[in-house]
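Read through the structure below, which is laid out as C-alpha cells, and then see the notes.
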Amino acid sequence: TDEVVAALLRDRMFDMISGYLVSATFLFVGLRRLAATPAVSAALYAYAAVTMTLGLAGMLLVTTRLPSRAGALILRALGGSATPPLTRLPAPTLVRVAPLYVVARALGVLEKGVLIWLLTGRFDVVLAGLFDGVLNAAGAMSFFVPGALGVFEGTSVYLFTLLGLGGPQGVVFGLVRRARMLLISAVGIALHWLGRSAMARAKTEPAPPA
C-alpha cells in the first residue's frame, strides 16, 4: 500500500539522517586529534558541515507529507493507487523512533571502539567515533567504487598510521570489518533463499481436506 512505501522511505531517511548526525558530531569533536594534512582536514570539516546540515534538514523533512507523496508517485508508476492519504509523521512517533536509530549508530561506533581496543589495548569512544566519521566520509567520496572495495581498508591503514596505532593493526581492522560485512550479507542471502523456498513449497503443497 501507499503507506507501507511511505514507511519504508521514512525508515531509509531516518537511517541516513542518524548516520549524518552521528558522523558529523564525532568529526567535529575528534578531528583536532588527527594530524592530517590541511587539505584532508579541510575536506573532512566540509563533509561534517554538509552532513550536519543534511541531517538537521532531514529531521524536519521526514515529518512532512513528502514521504507519503513519494510513496504515492512510486505506486502510481507501478500501477497502484493514485489517491493515497497523505499523512504526516506524528511528533510522538518521531520521539519514540529516533532513539532507536541513534542506538543502532552508537552500536556501530562501539564495534569500532572494541576492535581498536582489541588491536591496540586502547579504548576511546571519541577515537572510535572519529574512525566512524572518517570511514563514512571515505565511503561517501568513493561512491563510484563498487562495494567501496579497498577504500575502507586503505582508510583504516591511513588512520591507524596517522594516529600512531600501527599500520599492520590497520590492515587487520579493515579486513575484520570487511569479513563482518560479508558474513552479514551471506546470512541475509541465505535467509532470503530459505524464505522463498518455504513460500514456494507452501504454494505447491495440496491444501488439507476440509
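Things to note:
- Candidates per chymotrypsin sites (Phe, Trp or Tyr not before Pro) in segment 124-170, loop by DSSP, up to 16 other Cβ within 10 Å: F143, F144
- Its Cα centre serving as origin, segment 89-210 has a Cβ charge dipole (Lys and Arg +1, Asp and Glu -1) of approximately 300 debye.
- Additional length obtainable on full extension of the chain from T93 to L34, 0.36 nm per residue less Cα span: 17.4 nm
- Point-to-point label distance, L61-Y158, nm (Cα→Cβ direction, 7 Å offset): 2.7
- Estimated FRET transfer efficiency (T53, A140; beta-carbon r; R0 22 Å; 0.05): 0.95
- For segment 139-206, the relative contact order is 20 percent, taking Cα pairs closer than 8 Å that sit 6 or more residues apart in sequence and dividing their mean separation by the residue count.
- Of the solvent-accessible surface of segment 91-175, computed with a 1.4 Å probe and all protein chains present, 77% belongs to carbon and sulfur.
- What the Cα atoms of segment 88-210 give is an Rg and a Dmax of 20.6, 73 Å.
The values are calculated or read from the model by the stated rules, or taken from the named source; none is laboratory data. As the structure is a computational prediction, the values presented were derived from the model and not from experiment. Reconstructed Cβ throughout: ideal geometry from the backbone, glycine too, with neighbour counts over all protein chains shown. Only protein heavy atoms, including side chains, enter the accessible area calculation; ligands, DNA and RNA are left aside. Shrake-Rupley method; radii C 1.70, N 1.55, O 1.52, S 1.80 Å.
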